[in-house]
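Q: Got a structure for you, written out below as structure tokens; questions coming shortly.
The values are calculated or read from the model by the stated rules, or taken from the named source; none is laboratory data. Please read all numbers here as calculations on a predicted model, not as lab measurements. No Cβ is skipped: glycine too gets one built from the backbone with ideal geometry, and neighbour counts run over all protein chains shown.
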Amino acid sequence: MSRSHRTSQHQPNTAVELNPLFSRPGESTLFPRFTLPEGEALPSTAYQVVHDEAMLDGNSRLNLATFVGTWMEPEAATLYAETFDKNMIDKDEYPQTALIETRCWRMLADLWNAPDAEKSIGTSTIGSSEACMLGGLALKRRWQHARRAEGKSTDKPNLILSSAVQVCWEKFCNYWDVEARFVPVSAEHPMLDGHDLDQYVDENTIGVVAIMGVTYTGVYEPVQLISEALDDIQARRGLDIPIHVDGASGAMVAPFLQPETVWDFRLQRVASINTSGHKYGLVYPGLGWVVWRDAAALPEDLIFHVSYLGGDMPTFALNFSRPGAQVLLQYYLFLRLGFAGYRSVQATSRDVALYLSTEIGAMGAFTLWSDGSDIPVFAWQLNDGHTEHWNLHHLSERLRMNGWLVPAYPLPEGLSDVTVQRIVVRNGFTRDLASSFLADLKKEVDYLDSLTAPMPADKQAQGFHH
Ligand SMILES: *Cc1c(COP(=O)(O)O)cnc(C)c1O
């Protein structure tokens, strides 16, 4: 009986053909792509094949689309290599890593002005998505407890969000049966700012999500105004609605660059805050954080207990096993940079963002939606009437030919007829690289402007995942 993959090896595109370099005696020169190879390969052969395929990915340093860290110091790489065997859930086997995790979220609680950081509670996660799920679950469970205590129904929870939320919030509402009430963005209110909240909230509202660093444009939502609008609603209607701040990017920027902006636990209504350790926390992919103001904000019945040095340690997470190394990398950076170091790294990124947005805004073809003065992220649109011959998707494709990834996409519900292009400036995108980018951008705009007939507009990729 012939196994299917024996035959499939001879069909085009289902196998990886090896260069003669790999035709060692006794070794296959073809690897099946979609079935498990029958036998073994030498480590060096397997390494070379995977290495070569990974090389075909884009160059991460030229990726101006992602928020996620792509550069760390050599010492961090050494530490990573020394610790990639640690499992975060094995608190008993790796008590020191567990202790360091606690130190990290305590530092964040303090950075975010928790009234009593000793009383706050937090955890690391795999990213902000998991952290947002946990924040949302705590809001839902608190609301359920309060409703049950009053003998009321818990059938129809809802959550208030801007239409510009990151997709993880749509997932949260979908997976946990919470009605998402989107407040659409508009020309007058390009972000959630507390207007008309009255019409959205009711006794079934579990909370309001405020975003520090909207993914589409990089602007901060004014958490203080949202909080004041909710104070007013409480005074008139008796509804006490908590806020979760999605600070995936901004919670690691605002404390350093805009310390006077009041968005964090200084606001009584802010129950919990998340951030991505792997965004402006400056760690490689695979790390998020969430912190609750105090134990009252995180219902006890959501917490599981794992054994830890013969005692017990509370945990709240969706995953069981996950890497511990990223947590150690975060701690490395906290020690390495301190407050002044983070401020200087984020200020450098902001300066590069302001330099680029000023130059792009002055080009004549574009109007800025934001300039990178909140988080170092900004977006622009093509001026109406500038050209009939090309659009921002074409520009994105032309830039890609130079290696740069700069996405173009429509704004969310409410402004979806506007297409923008966005740049995320991160640690490692230097002023020098930025001026090379600008030269390429100007060259490509000149090229597109010189066209005497329209670029084809069919089959353009419209989707971009935020
Ligand atoms: C990136 C982002 C997320 C998701 O974070 P991950 O760490 O990628 O899971 C959630 N919210 C906002 C505002 C973001 O920018």
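Q: Exactly one condition in (1) within 16 Å of the ligand (Cβ to nearest atom); (2) in contact with a helix residue (DSSP H, G or I) (Cβ under 8 Å, 6 or more places away or on another chain); (3) assigned by TED's automatic domain parsing to the domain that holds Gln268 is not met by Lys91; state its number.
A: Exception for Lys91: condition (1).
Q: Can I ask one more? Within the range 162-176, count every residue that is assigned to a helix (DSSP H, G or I) and polar (S, T, N, Q).
A: The total comes to 1.
Q: Also, quick follow-up: May I ask you to say which residue of Pro259, Pro285, Pro314 is surrounded by fewer than 23 Cβ atoms within 10 Å (Cβ to Cβ) and assigned to a strand (DSSP E or B)?
A: Pro314
Q: What about Tyr216, is it under 21 Å from the mean Cα position of the chain (by Cα), over 27 Å from Phe339 (Cα atoms), within 16 Å of the ligand (Cβ to nearest atom) and crowded, with 24+ Cβ neighbours inside 10 Å?
A: yes
Q: Would you point out which residue out of Trp169, Trp176 is touching a Cys at 6+ places or on another chain (Cβ under 8 Å) and under 21 Å from Gly288 (Cβ atoms)?
A: So the residue among Trp169, Trp176 that is touching a Cys at 6+ places or on another chain (Cβ under 8 Å) and under 21 Å from Gly288 (Cβ atoms) is Trp169.
Q: Still on this structure, please answer the following. Among the listed residues Gly414, Gly364, Gly428, identify the single one that is at pLDDT below 95 and closer than 25 Å to Tyr284 by Cα.
A: Matching residue, one of Gly414, Gly364, Gly428: Gly428.
Q: Looking at (1) under 20 Å from Arg266 (Cα atoms); (2) buried (at least 23 other Cβ atoms within 10 Å of the Cβ); (3) free of Cβ contacts under 8 Å to residues at least 24 places away in the same chain, find the lone condition where Gln234 falls short.
A: The number of the failed condition is (2).
Q: Which of the following residues is at positive phi, surrounded by fewer than 15 Cβ atoms within 10 Å (Cβ to Cβ) and in contact (Cβ under 8 Å) with a residue 24 or more places away in the chain: Gly338, Gly403?
A: Exactly one of Gly338, Gly403 is at positive phi, surrounded by fewer than 15 Cβ atoms within 10 Å (Cβ to Cβ) and in contact (Cβ under 8 Å) with a residue 24 or more places away in the chain, namely Gly403.
Q: Continuing with the same structure: Residues that are among the small types (Gly, Ala, Ser), within 16 Å of the ligand (Cβ to nearest atom), touching a residue at least 12 places away in the same chain (Cβ under 8 Å) and not in a loop (DSSP other than H, G, I, E, B): does the range 177-196 have at least one?
A: Checked against the condition, which is being among the small types (Gly, Ala, Ser), within 16 Å of the ligand (Cβ to nearest atom), touching a residue at least 12 places away in the same chain (Cβ under 8 Å) and not in a loop (DSSP other than H, G, I, E, B), the range 177-196 yields at least one hit.
Q: Specify which of the listed residues (Trp390, Trp404) is in the same structural domain as Ser357 (by TED's automatic domain parsing), away from the ligand (no atom under 16 Å from the Cβ) and over 26 Å from Val352 (Cβ atoms).
A: Of Trp390, Trp404, the one residue that is in the same structural domain as Ser357 (by TED's automatic domain parsing), away from the ligand (no atom under 16 Å from the Cβ) and over 26 Å from Val352 (Cβ atoms) is Trp390.
Q: If Ala46 satisfies all but one of (1) part of a helix (DSSP H, G or I); (2) within 24 Å of the chain's Cα centre (by Cα); (3) not acidic (Asp, Glu), what's the number of the condition it fails?
A: For Ala46, the exception is condition (2).
Q: Separate question: May I ask you to verify whether Ser227 is of a type in the set (Ser, Thr, Tyr), within 16 Å of the ligand (Cβ to nearest atom) and not in a loop (DSSP other than H, G, I, E, B)?
A: It is false that Ser227 is of a type in the set (Ser, Thr, Tyr), within 16 Å of the ligand (Cβ to nearest atom) and not in a loop (DSSP other than H, G, I, E, B).
Q: Also, I was wondering about something else. Scan the range 132-161 residue by residue and report those that are aliphatic (A, V, I, L, M) and either surrounded by 19 or more Cβ atoms within 10 Å (Cβ to Cβ) or in a strand (DSSP E or B) (or both).
A: Of everything in the range 132-161, those that are aliphatic (A, V, I, L, M) and either surrounded by 19 or more Cβ atoms within 10 Å (Cβ to Cβ) or in a strand (DSSP E or B) (or both) turn out to be Met133, Leu134, Leu137, Ala138, Leu139, Leu159, Ile160, Leu161.
Q: Just for the range 348-363: of the residues that are among the β-branched types (Val, Ile, Thr) and closer than 14 Å to Trp380 by Cα, which one is surrounded by the most Cβ atoms within 10 Å (Cβ to Cβ)?
A: Selected residue: Ile360.
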